[in-house]
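**Q** Submitted below is the structure of interest, expressed as structure tokens.
The values are calculated or read from the model by the stated rules, or taken from the named source; none is laboratory data. What you see is a predicted model, and the numbers here were worked out from it, not measured in a lab. Heads up, the Cβs are rebuilt from the backbone with ideal geometry, glycines too, and the neighbour counts pull from every protein chain shown.
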Amino acid sequence: MTQKVYIPSLTDIGVVTNVTEVKGKMKKIEILLIEDNPDDVELVLLALEKGNIIDNSQMHVARDGVEALEYLFYTGAEANLHLNHHPQLILLDLKLPKLDGLEVLKKIKSHPEAKKIPVVILTGSKDMDDWTESYDLGAVCFLHKSADFSQLVEAAGLAVLGAFELEKSLGV
């Protein structure tokens with residue numbers, strides 16, 4: 001018997017109010033996917049494609065925590081002052097090589113510009129401590145890798161639409 005897990009959507013928490021209206025007005029947005037497993041990268045890309053999001057997105061994939069931070073932040077003398085790239089959404093795996101996802105999330109949420117970027121945790125972890133710490137650090141929601149594919153498609157689409165709405169409300 002398959003157990004259904006409810007994943008609150010961004011419409012449920014009030015971030016997106018009219019999905020159809022937003023999707024029609026959505027401009028191309030940049031999404032940073034931080035994931036080391038090639039199968040999970042493919043799964044997320046398929047979910048975004050199935051949800052007709054991929055056409056409205058510029059995707060960048062980082063394979064570990066260090067690569068993700070190098071992509072986001074300038075290095076050298078400019079380090080930590082400005083963002084090198086400013087994605088509108090970050091999909092972050094917690095179990096990463098070189099630097100784990102919680103450390104990446106801490107770095108993002110401690111930066112004055114980067115902290116405004118919505119971070120969605122994409123994980124297979126069932127450890128409630130990971131979930132609690134991620135929310136405490138500023139993650140907006142979780143997408144569990146073992147979720148039904150249709151739920152992943154819906155949740156990924158709503159996360160992208162929520163990022164668009166947030167950007168619009170901030171006037172970025």
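**Q** Quickly run through segment 86-106 and pick out the residues that are assigned to a helix (DSSP H, G or I), without any contact (Cβ under 8 Å) to a residue 60 or more places away in the chain and buried (at least 17 other Cβ atoms within 10 Å of the Cβ).
**A** Result: 102, 105.
**Q** Here's a follow-up. Are any of the residues in segment 150-163 in contact with a helix residue (DSSP H, G or I) (Cβ under 7 Å, 6 or more places away or on another chain) and either modelled with pLDDT of 90 or more or of a type in the set (Phe, Trp, Tyr) (or both)?
**A** no
**Q** Could you look through segment 119-137, keep only residues that are over 15 Å from residue 106 (Cα atoms) and crowded, with 20+ Cβ neighbours inside 10 Å, and pick out the one that is modelled with the lowest pLDDT?
**A** 123
**Q** Which condition breaks for residue 140 when tested against (1) at pLDDT below 75; (2) within 14 Å of the chain's Cα centre (by Cα); (3) not polar (S, T, N, Q)?
**A** (1)
**Q** Is it the case that some residue within segment 86-106 is over 21 Å from residue 143 (Cβ atoms) and at pLDDT 85 or above?
**A** Yes.
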